1. Residues of the stretch 40-52 being over 16 Å from the mean Cα position of the chain (by Cα) and crowded, with 24+ Cβ neighbours inside 10 Å, which ones?
2. Closer than 19 Å to F190 by Cβ and either hydrophobic (A, V, I, L, M, F, W, C) or in the same structural domain as L192 (by TED's automatic domain parsing) (or both), is that true of I95?
3. Return yes when L434 is touching a residue at least 24 places away in the same chain (Cβ under 8 Å), in contact with an Asp or Glu (Cβ under 8 Å, 6 or more places away or on another chain), closer than 21 Å to E521 by Cα and not small (G, A, S) and no when it is not.
4. Kindly state which strands (runs of 3 or more DSSP E) lie completely within the stretch 145-210 and contain at least 1 residues that are crowded, with 17+ Cβ neighbours inside 10 Å and free of Cβ contacts under 8 Å to residues at least 60 places away in the same chain.
5. Just checking, which of D136, D108 is over 22 Å from L207 (Cα atoms) and more than 23 Å from the chain's Cα centre (by Cα)?
6. Within the stretch 99-114, is there a residue that is over 14 Å from I50 (Cα atoms) and of a type in the set (D, E)?
Amino acid sequence: MNPSAPWWKNGIIYQVYPRSFQDSNGDGVGDLQGIIQRLDYLAWLGIDAIWISPIMRSPMVDFGYDVSDYYDIDPLFGTLADFDQLVTEAAVRQIKIVIDLVPNHTSDQHPWFVESRASRENPRRAWYMWADAKPDGSPPNNWLAYFGGSAWTWDAMTEQYYLHLFTPEQPDLNYRNPLVVEAMKGVIRFWLGRGVAGIRVDVIDRLLKDLELRDDPPDPSYVEGVSNPQFKYLRVNSEQHPDVYGLIRELRKTFDEFGDRPIIGEIAYTTDVAKMARCYDDMQGMQLPYNFAMLMLPWDAAVLRDFIDRYDAAVPPGGQPNYVFSNHDQPRIATRYGEAQARVVAMLLLTLRGTPTIYYGDELGMPEADISPELFQDPQGINIGITRDGCRTPMQWDMTPNAGFTNGTPWLPTSPDYLTRNVEAQTNDPASMLALYRRLIALRRATPTLLYGSYRSLDTGVADTLVYLRVLGGVRMCVALNLSERMVSLALRDLGSGRIVASTHLDRTEPVDLGALYLRENEGVVIDLGALA
């Protein structure tokens, strides 16, 4: 590790969905004390920072993404004293805490919105986005909410519509109003002053909308009855306004008041590397604009190589690439790719140039749970039938009832495979997914070439293989991944020989001649090539 580099360039981020990580009081919902109880596990795993999904006070219409008080912890998760204890206890274990901030919208129960909808003359009216109806009484435009239906809701008392890109209970703030910007700066200062090491900012690129409220154009790829209805239109006016970069630069100044604490920005899912690179904004924007391309691309070696090459090259000098393969909104890795390839994903994530984020439970190979509709908790699932509950089920700690997550009734059912797939069962199994993650994390932390080295892909001429070099000061590491279910042979004669230092198959630490390198089905290896002569 380079002590002079900021933690977010050295580190591995681990996302905790707090409702599902560990329940300490038997109410069936995870909490801050539960996270504290599991800090030793996270230290043992080797992660550097915990990103905790929203924990601020909220009516929980969207599980914390509808904030009613930015300056307090929701009682479901604990208290500010619990949070302070978490920061302190984590620091003892050299773990940073990153919180989730939701600035695009508040709860409709937030005092700001209560005042805003009280009358058209209220001073806080302009803190939110209000607009008149069309002459026929319909919404101002065709913008759609992510959770179904129009993004506009009629307020009968003041006879205007208000905007909400998510549920009607989540009205959007108006960042054209400088008072709103200053209010959010105050929130940022409060939490950075409380010791958080960075902030993951929800939908940061959606803070500004089209000034003229123009319609979004139709998406030509949309197929009625087949495509997700929330993507009927291209969201080019309802979000991602070019002015947002100036706003992010302004917010960045507040972060910089506290030293090198990053904005970890949730940006629109895209494979457009130019758009992703723009978010760094000459290194005055986000330090880590989250890269979600791997959640969209097919699991195809040629496609992945092409994207990684372009993305790595597009990140500006001084910028930091980052990779995300799983999160609280997307199906889990083991289900998307299968358990065997999930091991290859782990190696790819932890050996690429850039900051990796691990979603809780992926280190166990937890699959997407099949939640029956009558048990849906997710408003998206309830409203449009596409639920995110399957990737949010309780963490699987041991073989006791409810996988050791709670001694109450869990808020979502525990995955039935918890009896065999849990931390306790995998800890002492050297062939387990957990053991693989731990080995790869330890290798990454101990190998400057993997932390800071350059990236260069190699065209092997063999289908379904992804091979790349990491190089630092002449020291070379080669990563070779087989994305197929057949054995392959690679002839990388120019690389000479080396030693395998990690394999997804465990049983391989041996000298190898890269002129005749074989990979078994679903195998990945990391090879130490040593220093150039």
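1. Filtering the stretch 40-52 for residues over 16 Å from the mean Cα position of the chain (by Cα) gives 40-46.
Of everything in the stretch 40-52, nothing turns out to be over 16 Å from the mean Cα position of the chain (by Cα) and crowded, with 24+ Cβ neighbours inside 10 Å.
2. It is false that I95 is closer than 19 Å to F190 by Cβ and either hydrophobic (A, V, I, L, M, F, W, C) or in the same structural domain as L192 (by TED's automatic domain parsing) (or both).
3. yes
4. 152-155, 160-163
5. D136
6. Looking for residues that are over 14 Å from I50 (Cα atoms) and of a type in the set (D, E), one finds at least one in the stretch 99-114, hence yes.
Yes/no per residue for (1) farther than 20 Å from G404 by Cβ; (2) surrounded by fewer than 21 Cβ atoms within 10 Å (Cβ to Cβ); (3) of a type in the set (D, E, K, R):
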| site | (1), (2), (3) |
| --- | --- |
| D72 | yes, yes, yes |
| V87 | yes, yes, no |
| A90 | yes, no, no |
| V102 | yes, no, no |
| Q109 | yes, yes, no |
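Matching residues to (1) more than 25 Å from P356 (Cα to Cα); (2) in contact with a Ser or Thr (Cβ under 8 Å, 6 or more places away or on another chain); (3) at pLDDT 95 or above; (4) crowded, with 19+ Cβ neighbours inside 10 Å:
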{"site": "A442", "(1), (2), (3), (4)": "no, no, yes, no"}
{"site": "S457", "(1), (2), (3), (4)": "no, no, yes, no"}
{"site": "Y468", "(1), (2), (3), (4)": "no, yes, yes, yes"}
{"site": "V479", "(1), (2), (3), (4)": "no, yes, yes, yes"}
{"site": "R493", "(1), (2), (3), (4)": "yes, no, no, no"}
{"site": "G496", "(1), (2), (3), (4)": "yes, no, no, no"}
{"site": "R508", "(1), (2), (3), (4)": "no, no, no, no"}
{"site": "A533", "(1), (2), (3), (4)": "yes, no, no, no"}
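The values are calculated or read from the model by the stated rules, or taken from the named source; none is laboratory data. On a predicted model such as this, the values are computed, not experimentally measured, just so you know. For neighbour counting, all protein chains shown are included, and Cβ atoms are generated from backbone atoms with ideal geometry for every residue, glycine included.
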